[in-house]
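Every read-out reported here was derived from the displayed coordinates using simple, explicitly stated rules and does not represent laboratory data. It should be emphasised that the depicted structure is a prediction, and the values quoted were computed from it without experimental measurement. Cβ atoms come from the backbone with ideal geometry, glycine included; neighbour counts cover every protein chain shown.
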Amino acid sequence: MFQFIRPVILLVIIACWWVAAASATDTLTIGVAGKAVDTIQNIQQVSQSHPLSLAQWLHTPDAGTRRLLWLLKWLGILILLMLVVRYCKETANTRMSMNMVYYIREAVYDKVQRAGFGFHDVHSSGQLINRALSDLQNVRAFVQTAVLVTLEIALTVAFNIVLIATLNKWVAVLSLVPLPIWTYYILRFSRKIQPVAKSVMEAEDRNVSIITENIAGVHVVKAFATEGLEITKYQANCDTFKDRVLKRIRMFADFQPIIRSIAMASHLSLFLVAGILMIHGKMKAGDLFILGGAMGAILARLQLVGNINEQYQNAMVSSRRLYEIVMAQPSVQDRPGACKLPDGPGTVTFENVSFGYDPTKPALRDVSFGIKGGSVVAIVGPTGAGKTTLVNLVARFYDVQQGRVLIDGVDVRDLTLASLRTQVAVVFQETYLFSDTVAGNIAYGRPNISDGDIEAAARFAQAHEFIENLPRGYQTILGERGASLSGGQRQRLAIARAIVTNPRVLILDDATAAVDPETESLIRRRMRFVMEGRTTFIIAHRISTVKQADLVVVVEQGRVTQAGTHAELMALDGHYREIADAQLHGDDAAENQADAPSHMQRVQSAGEVEAAVLGVEKMG
Amino acid sequence: MTVLGAGKGAKKPPIISAAVARAAQIESDDEDKYRPIQWPLMKRLMMSLGTFKWWYLTAITLGLGQVILDMQGLQFIKWIVNYGADYAGGKFPGISTAAASWHIVNIIGMWTLVFIGSVVLQRFVIIIMTRAGESVQFEFRQKIFAQLQRLSMSFYDRTKLGRIISRCTTDVNSLREVNVWGIWQVVSSVMIMIIAAIYMVHEDARLFLSIVWLGPVLYVLSRVYHRKAARGYQVAREGFTRVSTNLAENITGMRVVTAFNRQDPNLDVFNGLQQINTVNNMAVSRVNGVYQPLLEVVRFWGRVTILLYSGYLVACGRIRVGSVIAMYGYWDWFMNPVITLGAFYNQLMMAMAGAERVFGLLDLKPEVQDEPQARELPRIEGRVRFENVTFGYNPDRPVLHDINFEAKSGQMVALVGPTGGGKSSIISLIARFYQPQQGRVLVDAHDIQQVTGESLHKQMGLVLQVNYLFSGTVMENIRYACPGASEQDVIDAAKAIGSYDCIMSLANGFETDVGERGASMSLGQRQLICFTRAFLSDPRIFMLDEATSAVDTATELIVQQSLEKLLAGRTTFVVAHRLSTIMRADQILVVEGGRISERGTHRELLTAGGKYAHLYRQFVLQDQ
Ligand SMILES: Nc1ncnc2c1ncn2[C@@H]1O[C@H](COP(=O)(O)OP(=O)(O)OP(=O)(O)O)[C@@H](O)[C@H]1O
Ligand SMILES: Nc1ncnc2c1ncn2[C@@H]1O[C@H](COP(=O)(O)OP(=O)(O)OP(=O)(O)O)[C@@H](O)[C@H]1O
Ligand SMILES: [Mg+2]
Ligand SMILES: [Mg+2]
């Protein structure tokens, strides 16, 4: 936790100073007011014979009156001083905590952005957002209270006890007696209520997450007419939520009398003692006044101890979680001495690559192939075979567990991520658009690009026409996740976004699945100009998309089972011909389906393909 | 080791200031947090407390009792001080110190009794009041949620997720100020002020008059302060919303951020927003720093006046020193509610803004809604007919123009055509997500506007282009459509449809956690799960919007063949760009620019040589 304070240590010290100054002025005002009361007690009663007017009284002050005026003047000065001190305290406090938040949030944001896909597979985004917002809030609240409020409590208690001691040593000692008991009960209460408070918070979080899921999946809810079900689910949660809230209130209501009673007991016993002392002439009215004021200030401050304890517990948990993020090793990071990607044609080579999201369950096994710079390679294969995984390794979103991936002869792990990722552009299988303008989304990878270039890219992706038809053209702000566009429109924006970056290697992961064949062929024709001298990976299920690739790689169950051109693969029995037949000859292929060898059998014969694959690799 | 090593962005010049400005502007349509007090709204809020009327009344009565008891404390102090001062001043020569001390003990004893009474009352007040208030709160929550389930899709198109969530959280919570403590606060504040005023007048009317004018001053100051602070807080909150929206968006879109290497510019934009946030917060703290002590000064003015004036009164012999202390105390009792009321007024304005939005939401009429005389849709054969349907998400920009077609029961109808043509929109209309602006959609012979939504949806199976999985396991997701289904039913369905092998190849089969929005499986796997989910609901009409676009052709074929067998006699709508998927359809509709430009079977359309034939050539033969 205290590592988070270090960068703002100077601001913390300044804030502490003002807290101290504020406590001191507050205590002084109580003291001065008490003295004033004393003085009033000692003011001589003027003879009753003729009524005294206020002006007369002020103009003919006796010693007591003079002293009273003098004290009140000082009280006025103290109040003005307080005005300044409180202002400084408030602003210093905010400055400190805002700066701290700034640094921590920056660190978390930066880390989360750079942590890599592996990290995000493990941490859900809801969780991360929550940490960056509410955990941070907890830490901030704690630093603010732990450092400043603790100081304030300590000083206020100390100053006021000193103030009481100036009246009477024994009373001061007596007033110390209830403090430990009071503090003990407050701590006990905060400890007891903490699990309850936490359970309320959990119910509240759950409440929000039910609503969030319900709304994000509103299509599904409506489509399956499960509204009633959702309402029941929500009500069940509301019931627990309410129970917990009421339980917390009940605990509070049970404990409140105890705390109040202890405070009151100490007040009463002090007044008792003070009253008796007055009877004995050992105390004056002003002293009683000071006693009341000082004790009130002390108890009010000690009441905060409970909060501090609670905040301390929360902050410990929160700061540990934040620390975990800030200190997390990015799943993929620059090696020491990593170099920039040297110029080259864009050859890509896989050498005996194995990889699994969970290392015990490989998603890719011993994959080897190579492609020449500037060529187009198509990857086909069944669902879940590992196609996306394969291209993820080219952009080094994950690190391979065995073997290596080379671009222009350099292992991607030896390259700086910045140089690699600016040279490799990916169109993801699932389109994610930001709720920014259309132009802002296209220029995402090159924020400083000109409008002309944005439009050119949009034309290449066959997106210009529909963008022009949007209400505000390129300046239209998209809905959340691009919700106001059709599936194909979203994909074309994503393609434009990738083209704009002018990459050496372009990866299209099922990037035209939602685009009709005609538009797709237009895109392809135009892209041929763009892709001149670049290497392109195309993952697709449509034969028409992959047909003209220089190399078609078939991936099945994490292995490369076939590789070659369309014509070559059509001549061989296997997955590729099977799907091609199904697509190109429709009905006839369907009838033959039963005879086709199963995936498993083909995978076992993968060894036979190896030769063919290695043949291709030599081209690379 | 420095934890905050990333601080490098902090001192960069704001090169991305334009982007910051844009990010700041995008969310700047933030909502009003304050509204003036409106009586109709207040009345409605009060009405919603109705069922708990007696609870509130009881609590308020008990609470007033407690306040009165609490205010007696000063009387006891005054008593002790006066007695002590008089005794020390030698006014009671006949009384021994022991007897005098005993007198003090008695006073303290009485005080103790009064205090016990107050504690007991307080406990009941807290419990009764909050129980009633929270009950009202939860009633609101449930009403809102139920209303959200009724609202139609166009509402969700218009309204941002964050906004809807804030209806259920922030806005409802702002009502708490009224529901739980509001009435009590007003009643008790006024009560306290009256009692305190009576005491002070009783002590000395002139003294009271000489300071009472500070009350209105303080009230005005408190209002001004709270209004200023509230504006500042609103600005600060908006700034913070921008920080958190930016954060959330970049975390959810993290894959794109990584792929396009946008970390550095993003950090600059983020820090720019943070700087704005810091500045806003500093502004708020400056307002607090000026006004809070200023309020204190006004109170102190009164105290100083009391001290000075009581000096005079003592000199005149009109009051004794105990009264000075009591006056000093009652002055605080008098002034605290003034500040509270100033703050409360402000909270009331927040509650007004919240109430306005909450009631606004509750009053919203779903655009697609069951007609009052809507009937249950009986078990249907599955005929679907569009009659002159025109529809636009925004009525001024129709995306479907005058659509007419009929799907016979048991037919497979395919929708093909260029992207953005309106295929998904047609599907949404059949599912009654939206209401057409003209024409009608009929299922069998029923206008779907005239039947209940539930009975309609129960007979439809829908796989949408944007697939959505809830967090949980594969099993839970498939069962979502049909909560009554047993595990075996789910497995049977998966087997029947051909997705069983694919699901079993996942790390834990049916018990695999799908991750956030299904992130830990491949897209094709997700689509198959959605497919199985729709199939399990045993629909009469099956609608597949690019349901297998990411599924390989071999698997797709298996699925399709099973479907043909399983769904015999049911109507199926298929949207696909992979034309092999739809070649066997009974009817192919080519949707172009919101119109149906061609219709017929695969062979008919090929012979006709129109758009479809062109598309098909592109699909099969590529560019030759
Ligand atoms: N983030 C992840 N965490 C864990 N497992 C994953 C993750 N992403 C994919 N997988 C698993 O890895 C395997 C390969 O997935 P991949 O996404 O590469 O398939 P794919 O060939 O792209 O399939 P599709 O054609 O459906 O897109 C699948 O079994 C999938 O469930
Ligand atoms: N929620 C929405 N709000 C506003 N406009 C929308 C919305 N959804 C779609 N549109 C617009 O309506 C038109 C038709 O979209 P639709 O989704 O029906 O196309 P589609 O034929 O399904 O295309 P695709 O093949 O790309 O999925 C498009 O121009 C699109 O931009
Ligand atoms: Mg994939
Ligand atoms: Mg669509």
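When the Cα positions of B:441, B:431, B:412 are compared along the charge dipole of region B:368-449, B:412 comes out farthest toward the positive end, with charges on each C-beta of Lys, Arg, Asp and Glu. Relative contact order, whole percent, for chain B stands at 15, derived from Cα pairs under 8 Å and 6 or more residues apart.
Averaged over the residues of peptide B:122-130, the number of Cβ atoms from other protein chains lying within 10 Å of each residue's Cβ is 4. Give the residue from A:508, A:13, A:419 lying farthest towards the positive end of the charge dipole for chain A; charges sit on Cβ (+1 for Lys and Arg, -1 for Asp and Glu) and the dipole is referred to the Cα centre. Going by the charge dipole, the pick is A:13.
Partner shielding of A:28-37 amounts to 3, given as the average count of beta-carbon atoms from other chains within 10 Å of each residue beta-carbon.
Give the aspartates and glutamates whose C-alpha is closer than 16 Å to that of residue B:53, dropping any in the same chain fewer than 8 places away, or say none. Output for residue B:53: B:134, B:139. Give me the percent of DSSP beta bridges within the protein assembly as shown that run antiparallel, rounded to the nearest 5. Roughly 50 percent of the beta bridges in the protein assembly as shown run antiparallel, per DSSP. Looking at region B:403-453, the trypsin sites (Lys or Arg not before Pro) that sit in a DSSP loop and have at most 15 other Cβ atoms within 10 Å of their own Cβ are B:408. Between the Cα long axis of helix A:451-460 and the first principal axis of chain A there is an angle of about 40°, rounded to the nearest 10. Shielding by partners for peptide B:425-435, expressed as the average number of C-beta atoms from other protein chains within 10 Å of each residue's C-beta, is 1. Shape class of region A:346-417 from the Cα gyration tensor (axes a ≥ b ≥ c, square roots of the eigenvalues): oblate, since a/c reaches 1.5 or more and a/b does not exceed b/c. Per the Kirkwood formula applied to alpha carbons, region A:95-211 shows a radius of gyration over Rh ratio, Rg over Rh, of 1.18.
Measure nothing fancy, just the Cα-based angle from helix B:53-71's long axis to the longest principal axis of chain B, in degrees from 0 to 90, nearest 10. Taking Cα atoms only, the helix is inclined about 30 degrees.
Roughly how many whole Å is it from the C-alpha centroid of region B:125-182 to that of region B:225-304? Cα centroid to Cα centroid, the span is 25 Å. Residue pairs exceeding 22 angstrom between C-alpha atoms, taken from B:160/B:365; B:495/B:565; A:111/B:160: A:111/B:160. What the Cβ-Cβ distance of residue B:586 and residue B:379 gives, at R0 = 30 Å and to the nearest 0.05, is a FRET efficiency of 0.85.
The distance from the alpha carbon centre of region A:299-346 to that of region A:92-149 is 7 Å, rounded to a whole number.
With the cut-off at 26 Å, tell me which of the pairs A:169/B:78; A:284/B:91; A:222/B:611; A:73/A:282 have Cα atoms farther apart than that. Check vs 26 Å cut-off fails for A:222/B:611; A:73/A:282. Taking 17 Å as the straight-line reach from the Cα of residue A:242, the lysines in range (excluding those fewer than 8 positions away in the same chain) are A:198, A:233, B:143. For region A:418-503, trypsin sites (Lys or Arg not before Pro) meeting the loop criterion (DSSP other than H, G, I, E, B) and having at most 11 other Cβ atoms within 10 Å: A:472.
Ranked for footprinting exposure by Cβ neighbours inside 10 Å, fewest first, B:335, B:46 give B:46, B:335.
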